[in-house]
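S.K.: Could you have a look at this structure, given as structure tokens, before my questions?
Read-outs throughout are calculated quantities, based only on the coordinates presented, and are distinct from any laboratory measurement. As the structure is a computational prediction, the values presented were derived from the model and not from experiment. Note: ideal-geometry Cβ built from the backbone for every residue, glycine included; neighbour counts use all protein chains shown.
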Amino acid sequence: MGLGAVIFDLDDTLIEEEAVARASVRSAGSLIPGVDPDRAEDFILATARAIWRAGPYHRLAVALGIASWEGLWASFEGCHPSLDGLKAWAPSYRRQAWQAATGELGRPDPELALAMAAAYEAAQRVGHRLLDGAAEAVRSTAAAGYRLGLLTNGPADIQRLKLDQSGLGSYFDVVVISGEAGTGKPSPEAFSLVLDALGVLPHEAVMVGDSWERDVRGATASGIGAVWIAAGRPLPDRKCPVSVIPSIGALAPELDRSARRRTRPSGTGTSLGQG
Ligand SMILES: [Mg+2]
């Protein structure tokens, strides 16, 4: 059988994520009078990261791909029971992070810390625009007859919010979120969950994502083909069986090429789907 399913990553594959978080931090930092915005942004991110990493749930957060800046606004509602401790600790983490940020910037101020936390969350709740070509890529993949999966790392509440805001949720036959499942990319269990729910074998699926380690390495280690969104970055490993596209807008032609390779009688097609 040929390729039957296409599994998408969400953050920085379909929607803009890291740059949005930076901009939201910057807008929170702008509430501190007289502080350079670049300095405020870098300092807040570094302070939050240090507290996140020193906290009791860092190992879990790494396994589930939950970043310190996500911990600054996730409610962790709807998450797997293995995240109950993280959910209970998160408010204290946020308080520590924002208060430390105001203190280190020369103005220890709990009220300012609360205002910054609110400004950050408000910006994050509306900021995640679709990347250019993402909607077309999802629609054309569905129209071509593939089953669609979404496999994303992050807390249930914010990944669901971003997916809802994208307007693309209805195109996905299966959605697996690490915070809901209690397992995340690149763990083989996460890939098994999405394959089983889609009803396809590894060689009948391809993973599309921007993360070399979590999306590409994770997929290929499970026998799933991979399409890496390079976004201007050099290929980390030329021997890895991966298709490379510059941006999500180039996905449809890549899937077409792959389908043609598969139907050629003497086809020696490489990489996509590995089948
Ligand atoms: Mg990503």
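S.K.: Which of the listed residues, Gly218, Ile51, Val138, is farthest toward the dipole's positive end in the chain, when Lys, Arg count +1 and Asp, Glu count -1 at the beta-carbon?
M.R.: Going by the Cα projections, it comes out as Gly218.
S.K.: Counting only helical runs of four or more DSSP H residues, what would the 222 nm mean residue ellipticity of the chain come to if each run contributes -39,500 (n - 2.57) and the total is spread over all its residues?
M.R.: For the chain, the value works out to -14500 deg cm²/dmol.
S.K.: Give me the percent relative contact order of the chain, please, defined on Cα pairs under 8 angstrom at least 6 residues apart.
M.R.: 25 percent
S.K.: Pull up the cross-link candidates among the lysines for Lys87, meaning alpha carbon to alpha carbon under 25 Å and not fewer than 8 places away within one chain.
M.R.: Straight-line reach from Lys87, under 25 Å: Lys162, Lys185.
S.K.: Given Cβ point charges of +1 (Lys, Arg) and -1 (Asp, Glu) and nothing else, what value in debye, to the nearest 20, does the dipole of the range 18-126 about its Cα centre take?
M.R.: 220 debye
S.K.: May I ask for the distance between the Cα centers of the range 1-62 and the range 171-204, given as a whole number of Å?
M.R.: Centre-to-centre (Cα) distance: 24 Å.
S.K.: Also, I was wondering about something else. For a quick check of your reading of the filter: which trypsin sites (Lys or Arg not before Pro) in the range 110-149 sit in a DSSP loop and have no more than 13 other Cβ atoms within 10 Å?
M.R.: Hits after loop and neighbour filter: Arg129.
S.K.: Now for a separate question. Hey, what angle do you get for helix 188-198 against the long axis of the chain, alpha-carbon based, 0 to 90 degrees rounded to 10?
M.R.: That works out to roughly 60 degrees.
S.K.: Please work out the C-alpha center-to-center distance from the range 152-168 to the range 217-241 and express it in whole Å.
M.R.: If we compute the Cα centre of each part, the gap is 24 Å.
S.K.: What list of ³J(HN,Hα) values in whole Hz, one per residue of the range 138-144 in order, does the Karplus curve 6.51 cos²θ - 1.76 cosθ + 1.60 (θ = phi - 60°) give from phi, with Gly and Pro shown as x?
M.R.: 5, 5, 6, 5, 5, 5, 7
S.K.: Now for a separate question. For Ala50 and Arg261, compute 0.36 nm times the residue count separating them, minus their Cα-Cα distance, and round to one decimal in nm.
M.R.: Taking 0.36 nm per residue and subtracting the Cα distance, the gain is 71.2 nm.
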